[in-house]
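What follows is a single structure, written as structure tokens, with notes after it.
The values are calculated or read from the model by the stated rules, or taken from the named source; none is laboratory data. Keep in mind the model is a prediction, meaning the values are calculated, not measured. No Cβ is skipped: glycine too gets one built from the backbone with ideal geometry, and neighbour counts run over all protein chains shown.
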Amino acid sequence: MSSPKRTPLQAQWEQFRSRYDKQYIMAFRLGDFYEFFYDDAKDVSKILDIALTDRQGTPLAGFPYASGQEALEKIVKSGRPVVVVDQVEDPAEAKGRIVERDIVRVITPGTILEDNVLEKDSNNYLAALSISSIKQQQDAIKVAMAFCDISTGDFFTTSFVDSRQRMATLSGELSRFNPVEILIPDTETDDSITTGIAKLLPGVAIRRRSALDFDPVDSREVITRHFKISNLESFGIEGDAAATGAAGALLRYLQETQKQGLSNITTITNRVPTNHVLIDQNTVRNLEIVKNSADSTSRGTLFELFSKTCTAMGLRLVKKILLSPLMEPRAIEARLDFVDLLVHDAMLREEIRKEMTGICDLERLIARINYSSVVNARHIVQLASSLEQIPAIKKIIARIDSDFTRRHDKCIADFGPLATTLLGTFVDSPPATTVEGEMIRPGINQELDELRGIRSGSDEWLEKYQDDARCKYGLTTLRVKSNSVFGYFIEISKSYVDKVPSSWTRKQTLAHAERYTTPELKAMEEKILSAEGRIFEIEKEIFADMKARVIAATGDIQAAARAIAEIDVMLTMAQVAASGNYVRPRIVENGPTIIKEGRHPVIEQMIGIDKFISNDVSIDPAENVLTIVTGPNMSGKSTFLRQICLIVLMAQAGSFVPAREATISITDKIFSRVGAQDDITK
């Protein structure tokens with residue numbers, strides 16, 4: 001028995017589906033829905049708990065296109081990348097043939113953009129990893145990595161020499177940034193590396209890519225072409241072939257999956273691991289810096305203590321700062337100077353906090369405006385409202401005399417004119433989609449105002465036409481109505497059909513009524529529809545122009561967002577210090593670490609500052625390189641050890657510390673192997 005002939009739509013679907021293996025799920029747009037077929041439909045039905053239907057033996061599932069972005073990214077969060085096939089032409093122009101479609105995006109764990117799917121307090125990093133042997137050094141390897149969070153535009157590289165056996169620095173960098181997806185060259189044959197990564201980062205997606213993607217020469221071309229530059233000196237990777245290869249491989253992967261220009265990737269920074277304290281995964285866990293050991297939430301952690309930021313950008317930066325304490329004394333002192341100023345000026349703290357409150361997640365919103373096909377005027381108004389607040393923040397920090405504020409003041413552009421234009425163009429509460437119209441204020445476009453006048457006048461004309469027809473022909477049940485199928489028509493109940501003039505043309509017969517049209521009504525219908533169509537076109541053009549202006553300002557908005565985030569973090573540190581009676585640590589190099597009346601920053605908040613028994617400690621490498629702490633079980637040894645580590649970490653992060661007095665010698669590594677997993681608050 002011959003198989004049924006494929007329809008053109010089936011052939012089109014199979015053409016796209018054949019390009020990807022079964023690991024991928026394909027979302028196929030049909031009109032106002034994303035549809036899934038065969039095994040994809042079965043899998044999506046289970047993942048999203050939606051109905052699975054059957055049409056002529058073909059399993060089907062789907063959901064509305066307008067609200068589908070979040071659902072698509074939930075599928076990805078379950079571990080299945082999604083290929084998005086969309087309509088790339090107006091279906092009205094495809095009469096007599098199948099609508100043209102194409103792959104517009106491939107969504108993977110590292111390329112998610114939807115706010116409701118991402119965690120607002122964490123970056124969502126995609127990474128590329130390259131490892132090469134070093135000649136005449138059997139155990140030494142050169143490691144190069146590139147990281148990118150496409151939802152914020154953050155892109156950076158790092159490279160270092162590590163031990164193949166221990167890979168301590170690599171493990172530290174991976175646990176510090178916690179990428180959700182990692183690209184490695186297909187020539188990497190050491191399975192212990194991928195096994196180790198999978199163990200270190202449970203659930204991470206590891207993808208093998210062609211080693212050609214990591215080629216430094218080709219990668220250099222990819223990078224310079226994207227950023228429109230001639231060399232890589234400004235990114236700090238000129239001459240670093242491995243870092244260039246990793247960055248190029250990552251950028252190429254993003255270009256392949258996003259299918260468009262990466263307009264929110266505006267720069268690359270080079271991160272030097274030796275500029276930051278090394279904190280391995282075990283130490284992060286044992287010190288409960290970002291997650292507690294009881295239920296893996298942030299409850300009772302150092303991160304929770306500093307999580308009272310005004311902005312989502314600041315919240316993410318807090319986590320990065322706590323996991324990356326500084327090694328450079330001048331950089332530490334610059335942060336401490338600003339925190340010190342804020343600690344001793346409560347009115348200034350309140351003034352800055354007031355202006356920052358309400359600023360949206362600028363990094364992720366500008367990324368969404370750059371990439372999303374369902375961006376609307378609400379997103380732009382939300383962005384503009386936040387940009388409108390920034391000049392007040394800039395004005396405040398401009399009057400503060402410190403290296404920290406001078407550096408950040410330069411990073412904040414004047415967004416007043418852009419915000420004024422955007423807010424003056426769109427209505428205060430725009431509709432949820434651009435197709436609904438009514439998003440542009442009156443007075444912005446003369447033709448638009450005239451067409452709206454025609455449409456408004458048509459309502460009065462239709463009402464008068466209905467009243468006149470009722471009186472003239474005695475048709476008391478006459479109604480002038482409209483729908484998307486038959487347009488405008490006159491509806492009359494069956495009992496009055498004999499009174500209908502012969503000049504009227506029947507349009508439709510219903511069970512209890514008849515529908516007609518007249519030359520006058522048809523003329524007005526054409527006028528109304530023509531006006532509505534042109535209104536939609538003009539509003540769409542204005543929206544596209546405003547969106548283009550926002551996208552053109554992406555780099556400036558990102559720079560301002562980073563500056564505001566840093567100010568936000570320092571403000572939070574100052575607030576914690578002021579309320580917790582912290583002191584400014586004295587930072588020294590190659591000297592003793594002396595803490596007088598030190599306290600555990602988290603526990604004292606839980607049980608009350610007055611109930612916590614403070615402790616002294618003196619660690620002087622000139623006198624002793626080892627200190628042994630003894631005592632009976634449950635006497636506080638674990639708390640004491642963790643307390644010392646956290647105070648050192650906080651000081652080098654630029655924070656005041658919970659103590660009466662503290663001298664902190666620059667520390668390059670912090671290790672904690674506290675065996676007890678008891679609740680340290682009890």
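Miscellaneous remarks
- Condition broken by residue 614, with the remaining ones in (1) within 40 Å of the chain's Cα centre (by Cα); (2) crowded, with 16+ Cβ neighbours inside 10 Å satisfied: (1)
- Test: residue in segment 356-377 that is part of a loop (DSSP other than H, G, I, E, B), in contact with a Lys or Arg (Cβ under 9 Å, 6 or more places away or on another chain) and under 24 Å from residue 172 (Cβ atoms): no
- Taking helices (runs of 4 or more DSSP H) as the structural unit, those lying wholly within segment 203-311 and holding at least 1 residues that are of a type in the set (D, E, K, R) and in contact with a Leu (Cβ under 8 Å, 6 or more places away or on another chain) correspond to 216-227.
- Any chance residue 478 is more than 26 Å from residue 439 (Cα to Cα) and touching a helix residue (DSSP H, G or I) at 6+ places or on another chain (Cβ under 6 Å): yes
- Within segment 52-76, considering residues that are among the hydrophobic types (A, V, I, L, M, F, W, C) and touching a helix residue (DSSP H, G or I) at 6+ places or on another chain (Cβ under 7 Å), the one surrounded by the fewest Cβ atoms within 10 Å (Cβ to Cβ): 52
- Subset of segment 552-608 that is among the polar types (S, T, N, Q) and not in a strand (DSSP E or B) - its residue that is nearest to residue 298 (Cα to Cα): 605
- Filter pass, residue 386 being touching a Cys at 6+ places or on another chain (Cβ under 9 Å) and either of a type in the set (Gly, Ala, Ser) or in a helix (DSSP H, G or I) (or both): yes
- Residue in segment 454-470 that is in contact (Cβ under 8 Å) with a residue 40 or more places away in the chain and not in a helix (DSSP H, G or I) present: no
- Residue within segment 124-139 that is aromatic (Phe, Trp, Tyr), within 29 Å of residue 70 (Cβ to Cβ) and at pLDDT 90 or above present: yes
- Unmet criterion (only one of (1) modelled with pLDDT under 95; (2) of a type in the set (Ser, Thr, Tyr); (3) in a strand (DSSP E or B)) for residue 157: (1)
- Number of positions in segment 236-275 that are crowded, with 22+ Cβ neighbours inside 10 Å and on the phi > 0 side of the Ramachandran plot: 0
- Residue match in segment 332-342 (condition: without any contact (Cβ under 8 Å) to a residue 12 or more places away in the chain, more than 21 Å from the chain's Cα centre (by Cα) and on the phi < 0 side of the Ramachandran plot): no
- Flag: residue 174 matches the condition of being modelled with pLDDT under 95 and surrounded by 21 or more Cβ atoms within 10 Å (Cβ to Cβ).
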